[in-house]
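This report refers to the structure that appears directly beneath it.
The values are calculated or read from the model by the stated rules, or taken from the named source; none is laboratory data. What you see is a predicted model; the values in this text were computed from it and never measured. Here Cβ is always computed from backbone atoms with ideal geometry, including for glycine, and neighbour counts include all displayed protein chains. Ligands, DNA and RNA are stripped out before the accessible areas are found, and what is left, the full protein with its side chains, is counted by its heavy atoms. Shrake-Rupley method; radii C 1.70, N 1.55, O 1.52, S 1.80 Å.
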Amino acid sequence: MNAQNEPEMASIWSEIDALGHKTVAQLQIRYLEVFGEPSRSNHKQFLIRRIAWRLQALAEGDLSERARERALSLARDADLRLKAPQSSSGSPGTPATTPGSRRDSRLPRPGTVLTRRFHDQTITVQVLEKGFQYEGMVYRSLSAVARRISGTQWNGFSFFGLLAVSEAK
């Protein structure tokens, strides 16, 4: 930055500092002024950052043509994921099972009885083909059973001590 640009840059910096005190509506108006098109965002921090970037780019100069071409070539060469990967279990965060098998490999076999002490009571849960039976009710997951027993959210594997078993395999 040379000496003749210092007053202009000081003005830009004071305007950027003032952006944080504006409302979203005021930021959208300023966005329209500096970009020439309305913003599709109502997110205040996003608007502040975009306007600040544009003010700096206008004051100091935008990307060089060479840098712009390089960015475009990198974007063209990038493998972009357009859709989230599908897991056969259907819910995010659960391990994908092999095609044809429907059970999570971490679960004990159907018919297994899980036992645990909780608040001076012995808890027994029977593993079914599709779900878990506790006190005559069938639940879809161990976490649902653990939540019913404890009243709070639990990882079912952790609650019944199955994590150490599955990690040892």
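Overview of values
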quantity	calculated
Filter result (open to solvent by 60 Å² or more (accessible area, probe 1.4 Å) and not in a helix (DSSP H, G or I)) within segment 19-43	His21, Lys22, Thr23, Gly36, Glu37, Pro38, Arg40, Asn42, His43
Test: residue in segment 44-58 that is modelled with pLDDT of 85 or more, surrounded by 12 or more Cβ atoms within 10 Å (Cβ to Cβ), over 30 Å from Ser141 (Cβ atoms) and in contact with an Asp or Glu (Cβ under 8 Å, 6 or more places away or on another chain)	yes
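The rows are residues; the columns are (1) modelled with pLDDT under 65; (2) under 27 Å from the mean Cα position of the chain (by Cα); (3) surrounded by 10 or more Cβ atoms within 10 Å (Cβ to Cβ).
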{"site": "Arg66", "(1), (2), (3)": "no, no, no"}
{"site": "Arg70", "(1), (2), (3)": "no, no, yes"}
{"site": "Asp79", "(1), (2), (3)": "no, yes, no"}
{"site": "Pro95", "(1), (2), (3)": "yes, yes, yes"}
